[in-house]
Amino acid sequence: MADMPVTFLLRKIPAFGLLSDRDLLALAGSLRRRHLELGAQLFEQGDPGGTMHLVTQGELSVRWQEGVSEQELEVARVGPGEFVGEMALLDLGPRSASVVARRESVLYELAVEDLMLLEETAPAAASAVLASVTALLTDRIRHVNGQIELLLGGHAPVEATTENVTDSGMFGRLWSRLSKS
């Protein structure tokens, strides 16, 4: 998998699968390949944002540290086909967590500036990126809402899946528009 063209890897991601070859190539051209050794830090909680990363090989640990506490908690693991740092494309605020390589990893980085350029040169590709980020953040919010409900004594959370996100809401409208491009 290490030598696969990035377009092949992108085509496997649902939101990018319907892009034209031209738009897929434009997206691929906007990405910068990154390699992380085991234990290498991608970014630290509180660092400035500005980039999102697609993991194509390996595994990353997303870690969060509460306020002044010295204890850092692993809140997620991110593997091939998943994104990390996606909030940075919507909000240039500081990073909400630290990310460290649990295994040697290969990532593709998309900077905010490159996404803005992509909006001008390949709007369908930029829409696909934003639709993917929106779906991912929506899924995470639903999961957190379920966890809050559990903590407050409610029912067990219903696990949201990204399999049906193309069927409704803003993502569905974006997806519909993309598939007609």
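Before moving on, here are some points about what is shown:
- Burial order of peptide ranges 43-53, 140-150 (average beta-carbon count within 10 Å, highest first): 43-53, 140-150
- Proximal charge balance of Glu74 [Cβ under 11 Å; K/R count +1, D/E count -1]: +2
No value in this document is a laboratory result; all are computed from the given coordinates. Predicted, not measured: the structure shown is a model, and the values here were computed from it. Every residue, glycine among them, receives a Cβ derived from its backbone with ideal geometry; neighbour counts consider all protein chains shown.
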